[in-house]
Amino acid sequence: MNILLATHHFPPKYWGGGELRTYETARWLQRRGHRVRVLCVESPNATETNTLRFVDDTFDGIPVRRLFFNLERAPDPFRYAYDNPWIGEHLRTWLAQDPPDVFHVIGGYLISASALDAARAAGIPTFVTLLEFWFQCAVNILLRGDNTLCEGPSDLVDCARCVMDQQRRYRFFDERAPRASRAFWHLAANNSLLANSTGLAARKRQLGARRDKLFDALIQTDAIISPSQFIMDMVEANQVPREKLHLIAHLEPKPPLTARWRKSSSDHLRIGYLGQMTKMKGVDVLIDAFQKITPRAKPPQLILYGNVNAFPTFGRILQAKARGNPSIIFAGTYDREQVYTVLQGLDVLAFPSIWYENAPRVVREAFETGTPVIAGNLGSAAEYVTHDVNGLLFARGDVNDLARQIQSLVDEPARVETLRRGIPRVKPMDDEMNELLALYNTVMAKRSVRV
């Protein structure tokens, strides 16, 4: 089969969850004899171009076409961020020269709906794997500036408020007086003078066009793949037809659980966090909760892995919260190949994120190493973690509830082993990829019948 995978970024410069998923998919398919190419955006802010240019290279044996453009110089930067004619025109030419059997977008962010339009116009079966919430949310995470959760783009005033919160002057007001902020924006929406003077009217028009375009792109896609039931339900609730949606779990490497993955012994509880040091990840909630626990004979440790300087202001807040407690350790970053070694040295993984997340990779990696998880009771994490079976759940953002869950493990250390025994088997990558291939073949067979 001739397969073209498209995603926002790709290694070696980028190694996020979506990039890893695309890389692992490409490598697996290649090893099974399929011809695989990757299309990615190497830079959306290339200063040397006013249009699109590309570079073809190879990474780890995978042919990659890397796109360069500058969204800020686009005729309409907001529109080009979700419907980029430069990419559409480039793909129309490229697909005519070398059409694949399958065009599979992993994510959508930066690649934009134009890529799907170009593939459909060429008669190529299209697939989308959902990452985060880019198709539904202009800021990608369904988390408002006041840290409340959103269910999707039903209210364009609230959508505009979120987008405008990217500007500090609006975000400052929203964080400190969210009710007053929401009331103001809804008042402005019904007052033409305010709506025009604040830019709200124009922003609503832009967001309405974005919603319509991306909804149309999804419903015209041959198959939409979700790594979690939660995401499927969320997308279906936003009026994407159920028959388009297919559940295929996260693509993860399945290392053999040999002796090197057994837990190292310790005489104290080791709680770890792995990830970005950002507000939406709930790291501040975790530190505050840990500070509330009552130690027993041997104080537990909280070991935080991540770059505390990536977001300097928030990093300083975290360090101030931890100051004076030698049991809170900022362990810095690690190479991606070391994730299983890091997890081997932990008894429990904390996953305190305050947004929905989308089938979080680190939770599955924890389960692969026999590490129970303490997670917020929302989104895909709550789909993976069953309370008091393979981990513990706490109310989203609730410092006291998280502290109670940690305290229960401090008071009863044997519970960690009980939770470990409840961890389910993680589906091998071979199984997940065979499901993907079966879906490719099913869609192609249906198209052949229609032709």
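Read-outs: derived from the displayed coordinates by stated rules, not from any lab. Keep in mind that what you see is a predicted model, and the values were worked out from it rather than measured. In this analysis, Cβ positions are derived from the backbone assuming ideal geometry, glycine residues included, and neighbour counts consider all displayed protein chains.
Just a few scattered comments:
- Looking at the stretch 259-421, the pairs of alpha carbons with a distance over 25 Å make up 22% of the total.
- Each peptide in 113-122, 203-212 was scored by the mean count of other Cβ atoms within 10 Å over its residues; highest first, the order is 113-122, 203-212.
- When each of the peptides 134-142, 104-112 is scored by how many other beta carbons lie within 10 Å of its residues on average, the order from highest to lowest is 104-112, 134-142.
- Dimensionless Rg ratio for the stretch 359-441, taking C-alpha atoms and the 2.2 N^0.38 Å reference: 1.28
- Ellipticity at 222 nm from helices only: DSSP H runs of n ≥ 4 in the chain, each -39500 (n - 2.57), divided by the residue count, give -13000 deg cm²/dmol.
- In Å, descending, principal axis extents of the Cα set of the stretch 11-50: 39, 20, 12
- In a simple Cβ point-charge model (Lys, Arg +1; Asp, Glu -1; nothing else charged), the chain has a dipole of about 500 debye relative to its Cα centre.
- Taking the average, over residues, of other Cβ atoms within 10 Å as the packing measure, peptides 401-409, 426-434, 354-362 rank 354-362, 401-409, 426-434 from highest down.
- For the stretch 393-447 versus the stretch 1-26, the gap between their alpha-carbon centres in whole angstrom: 23
- FRET efficiency estimate (nearest 0.05) - Cβ-Cβ, Phe172 to Asp335, R0 45 angstrom: 0.75
- With a Förster radius of 45 Å applied to the beta-carbon distance between Leu193 and Arg92, the computed FRET efficiency rounds to 0.55.
- Considering only beta bridges that DSSP places wholly inside the chain, some 15 percent are antiparallel.
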